[in-house]
Amino acid sequence: MKKSFIILLQCISLSLAAQTPSLPSGEIYQNIKKLNVLGSVLYLAAHPDDENTLMLAYLSKDQLVRTGYLSLTRGDGGQNLIGSEQGYNIGVIRTQELLGARRTDGAQQFFSRAYDFGFSKTREETLNFWDEDKVLGDVVWMIRKFRPDVIITRFPPDPRAGHGHHQTSAYLAEKAFSLAADPKSYADQLKFVKPWQARRLVWNTYTPGFTNQPPADEKASFLGVEIGGYNAVLGKSYPEIAAESRSQHKSQAFGTAPVRGERKDYFLHKMGTAARQSLFDDVDMTWKRVKGSAKVQGLVSQAISTYNVQKPEASMDILLKINQELARLDTTDIYVKTKKSEVQDLILQCAGLWFETNPTDFSSVPGMVTPVRISVVKRSDYPVRLKALHWTGAEADSVINAVLAPNTMFTAALQPKLPETIAVSQPYWLKKPITRGMFDIGSQQDIGFPENRPETITRFTFEIGGQTLTFDRAWIYKSTDPAEGEIYRPFEIRPPVTATLTEPVFIFPDQNPKTVTVIVQAQKTRTVGTVRLDLPTGWKSEPASADFDIPEKYHDQYFYFKVTPPAASDEATLKVATRVDGKDYYQSIKTIAHRHIPTQTIFPPAEARIARLDVKTAVKKIGYIAGAGDEVPAALRQMNCDVTMLGEAALAGDLADYEAIILGVRAYNTWERLANYQDKLMEYVKNGGTMIVQYNVPGGMKVNQVGPFAMNIGRDRVAEENAEARFLLPDHSLLNFPNRITEKDFTGWIQERGLYFAENWDKAHYQAPLSMNDKNESPKDGSLLYCQYGKGHYIFTGLSFFRELPAGVTGAYRLFANLISAGKAK
């Protein structure tokens, strides 16, 4: 049953420039031509940035095929050059970067459940972390769901691919190529999809020379494809589009300039029917693959030939006819479904229809009344009627029956109440703990989606040319920034209250109590409740709990708990519970804001690592030069150090008061002007200071030499976090003062031992106390170097302290305490 529409209606004129722009007429024409192509390609690799954006742009915008990129991971284990986010937090950023890239190159984005646990050297190691059966099942699922004619891998399934994840992506793709067609394989998926056999699988090599010493079974010749062409309709070449797409990967500093001109890519046949002249040899790309579609084929050809670039609405009648004919075909057919969606989007574009729902605030909580504003404008003369609206929280459709006047804004102000059961806007892959290198995703149908499907939507029902068309649009908050202009932000559902600890780790070097600070934030008006710490046996909190009464939404109250550790060493987890309206909440809040992606808010568990740890330091006053972003300074403060962040003004001053100066990760890569202070830093060491340099990558260094004596930074790393750490110099002060380091201190490390170790150092001056290596590799001795220079001490380390310390790895704390204390050792 429908009810009458009793809300505020306004009709006002509004500048077109203030609205989200529709597609340019040339792109509309490009998409009409795409209606005539029924082919598809799935590109497959391991990480964000693995994809060949030029190939994706060429396939999507030149060949006009439906193009997808399946990245097995979200890039959670990579480095971050724009902030301090690590782990799944950087995965959230890279997910949005990939979505931005796909909006540019025209492909669709998908993911498996695999968690990027960091660099791996072999396929065997990778599959030791990942659940091979589940990740393989995800690849099978996406092949069955996307139904590609051609599958392209970026890498070979062997050591030539380098990274173990790269090898694994190709290995799983080749296995899934056959399994996807087998109804006995992953039969539980067949409740939702059908078996599918792609025509062929090829490896997109960089050049033929990349297959140096190919395996014996690789006898096929290469297929070369020219992909560097220029698209006059779009006004860009495919390398230009690809460079814009690639440059979305800002967290990895992958901004790039286009290389204009010819560019040939190569494909090596791997499975299925070999291609002779084209990737799509023997693939029917026409409407002949859809039964009974001859009339649709004729109408599409007519739409292409009669399109008027200066008057897109002139194509409305024929597009509506195509939509009508598609409805008469088998609507379960993937090509019919895909083309119907494309046609209906073209109808919107040609009609000049623009519509959205904007809440008056960027978040709300379940059960709350949430004011929104609906806006609709039609920027053409083609007759359109807005028949009805239905929004989240409404019991039924609201009948409108409003004729939309050309270029006149229709608005409606609503006061919907959100359902009590609506889910909090936590990314679906982060709702459960990560287990065995895998995201725990309960629903088969969620697998593959790049982000959450929206919980809050408005359904717009239009009558256009006698047809009823319905479109769902997510609610989205927008605001105006004086510098940036109009800014959109995803609308969030939040819990009523969040509690965030100020540190991810609390280290207790002795039995003295420490203050644990909790920030309680109200996510709705007038939030009343209690907050407490849930501690393991032997730990004590004073007070046991505290009351809060926060009158305003988004306002914070700070609570300070004095936590006393047990006498004996202990490692545990501290949890924070807030209680509101008789219900306990255990969520914190983290907002990830970078200008190149939409603001992302996640709700991690409100908890922190706590450790009663026998760790001593011989220094207090530390200077820290930030690099690419890390949380080492916070860890130093946990060891009761006084840390000062050293910017340019501080470096220009007197450094003698600092007992140690530490350079953050990739500082020599990211700070151009640091080279101006290198001589001064060396003088600081010479005069008696202690300087610690953490890892940098060898490319893009801002100084010629990072230490007082000759040494190079190489690419050696130890990816196995449990690799044996051998003590080459067991009596060295770095391993003995003020903490005696043992094998036990190298247990519990995460992701890796270290990366970008030193190589070819001056052995007359540098000492290397440690040696380690991955399985079946030669020893790597460059993870930690020490030398005395003048009266002072210089240390280089590739050990991944930037990961271990924020994760609360106690042995890493003890070893790092020794490094900063080097100047006090006798």
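The values are calculated or read from the model by the stated rules, or taken from the named source; none is laboratory data. These numbers were taken from a predicted model, which means no experiment stands behind them. Note that each Cβ is placed from the backbone with ideal geometry, even for glycine, and that neighbours are counted across all protein chains shown.
Quick notes on this one:
- Of the residues making up the stretch 24-43, one or more are part of a loop (DSSP other than H, G, I, E, B) and farther than 22 Å from L299 by Cα.
- Test for H269: is it closer than 30 Å to A181 by Cβ, in the same structural domain as P148 (by TED's automatic domain parsing) and not hydroxyl-bearing (S, T, Y): yes
- When the residues of the stretch 380-399 are filtered to those that are in a strand (DSSP E or B) and in contact with a Lys or Arg (Cβ under 6 Å, 6 or more places away or on another chain), the one that is surrounded by the most Cβ atoms within 10 Å (Cβ to Cβ) is V384.
- Counted as qualifying within the stretch 264-375 are the helices (runs of 4 or more DSSP H) with 2 or more residues that are of a type in the set (D, E, K, R), namely 316-326, 334-351.
- Tallying residues that are buried (at least 24 other Cβ atoms within 10 Å of the Cβ) and within 16 Å of L799 (Cα to Cα) within the stretch 680-693 yields 2.
- Hits in the stretch 452-485 (condition: farther than 17 Å from I374 by Cα, touching a strand residue (DSSP E or B) at 6+ places or on another chain (Cβ under 8 Å) and loosely packed, with under 13 Cβ neighbours inside 10 Å): T468, T480, D481
- For the stretch 517-599, the strands (runs of 3 or more DSSP E) that sit wholly inside it and include 3 or more residues that are more than 23 Å from V424 (Cα to Cα) are 540-542, 545-550, 556-564, 570-580.
- A count restricted to the stretch 613-627 and to residues that are in contact (Cβ under 8 Å) with a residue 60 or more places away in the chain, surrounded by 22 or more Cβ atoms within 10 Å (Cβ to Cβ) and either out of contact with any Cys (no Cβ under 8 Å at 6 or more places or on another chain) or in a loop (DSSP other than H, G, I, E, B) (or both) stands at 4.
- Annotation: of all residues in the stretch 631-645 being under 19 Å from N818 (Cβ atoms) and in a loop (DSSP other than H, G, I, E, B), the one that is modelled with the highest pLDDT is C641.
- Residue within the stretch 730-742 that is over 24 Å from F117 (Cβ atoms) and in a strand (DSSP E or B) present: no
- Residues in the stretch 222-252 that are small (G, A, S), farther than 16 Å from L59 by Cβ and either buried (at least 19 other Cβ atoms within 10 Å of the Cβ) or without any contact (Cβ under 8 Å) to a residue 12 or more places away in the chain (or both): 4 in all.
- Look at the stretch 373-385: where a residue is farther than 9 Å from A405 by Cα and a partner is modelled with pLDDT of 95 or more and among the aromatic types (F, W, Y), sitting 6+ places away or on another chain with Cβ atoms under 6 Å, you get V376/F355; V376/F410.
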